[in-house]
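S.K.: Could you have a look at this structure, given as C-alpha cells, before my questions?
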Amino acid sequence: MAELEFGGMKFRGGRLVTILTALSMLGGAAWGSFEFYNDYRMMKKKINSYVAPDLSSINERLSVMEEQVVNAVDNTRTVKIDLKRDIQTIETQVDRVEKIVKDTQDNIDETLREVEIVSRESEKDTRDRMRETEDRIDAEMLKLEKKISEQIQEALDNPLAQQ
C-alpha cells in the first residue's frame, strides 16, 4: 500500500484517503465562501449604484387617470339622478293619463248605458204610439164602416132609389 510521510508523520492507505477528502472539502468550502463573498460584493456594488427610475411621468398619468375616474363617477352620478327624476316624472304623467283614461272610460260607459235606456224607452214609446195609432185607425175604420153601412142601408131603404 501507498505510504506518505509529511512533517515527520507517516500516513498510509485509509488515513491518506481521509486526509485527502478533508483537504478537498476544506478547499471546496474555501472556494464556495470566496464565490459567495464575491457575489455579495458585486450585489452590494449594484445596490449602491442603483438609481431609482424617474416615475414622475407615471405619477402624472395616474393623477390624470384618477381625475378622469372622479369626473366619470360624477357624470355617472349626475346621469343617474337625472334618469331617476325623469322616471319619476314619467310615472307621474302615466298615473295622470291612466286616471284620465279611466274617468273617460267610466263616462263613456255611463253615456252608453244612458243611450241604451233612452233607446229602449224610445222603442217602447214608438211601439206604444204604433199600437195607439193602430187602435185609433181600427176604431176610425169601424166608425167609417158603420157609417158607410148605414148610408148604404139608408140608400137601400129609400123608396125613391128603387125605381
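S.K.: Between region 17-59 and region 111-162, how far is it from one alpha carbon centroid to the other, in angstrom?
M.R.: 140 Å
S.K.: Need one number: nm distance between label points at Arg113 and Lys147, each 7 Å from Cα along Cα→Cβ, rounded to one decimal.
M.R.: Using points 7 Å along Cα→Cβ, the separation is 5.1 nm.
S.K.: Report the FRET efficiency, 1/(1 + (r/R0)^6), for Lys102 and Glu132, where r is their Cβ-Cβ distance and R0 is 41 Å, rounded to 0.05. Walk me through the numbers on the way to the answer.
M.R.: Numbers: r = 45 Å, r/R0 = 1.09.
Computed FRET efficiency for Lys102 and Glu132 comes out at 0.40.
S.K.: What number comes out for the charge environment of Ile148, summing +1 per Lys or Arg and -1 per Asp or Glu over other residues with Cβ under 13 Å away?
M.R.: Working: positive: Lys143, Lys146, Lys147; negative: Glu140, Glu145, Glu150, Glu154.
Every neighbour counted, the sum reads -1.
S.K.: Mind checking which aspartates and glutamates have their Cα closer than 19 Å to the Cα of Lys45? Skip sequence neighbours fewer than 8 apart in that chain.
M.R.: Glu35
S.K.: Hey, rough spin-label estimate for Thr76 and Glu154, points 7 angstrom out along Cα→Cβ, what's it come to in nanometres?
M.R.: The two pseudo-label positions are separated by 11.3 nm.
S.K.: Mind sorting out which of (1) 32.1; (2) 18.8; (3) 16.4 is the real Kirkwood radius over Cα pairs in Å computed from the coordinates?
M.R.: (1)
S.K.: Rg/Rh for region 68-156 to two decimals, with Rh computed the Kirkwood way over all alpha-carbon pairs.
M.R.: Working: Rg = 37.5 Å, Rh = 20.6 Å.
On the Cα set of region 68-156, Rg over Rh gives 1.82.
Any read-out appearing in this document is the output of simple, stated calculations on the displayed coordinates, not a laboratory observation. Everything numeric in this text was worked out from a predicted model, so none of it was measured. Note: ideal-geometry Cβ built from the backbone for every residue, glycine included; neighbour counts use all protein chains shown.
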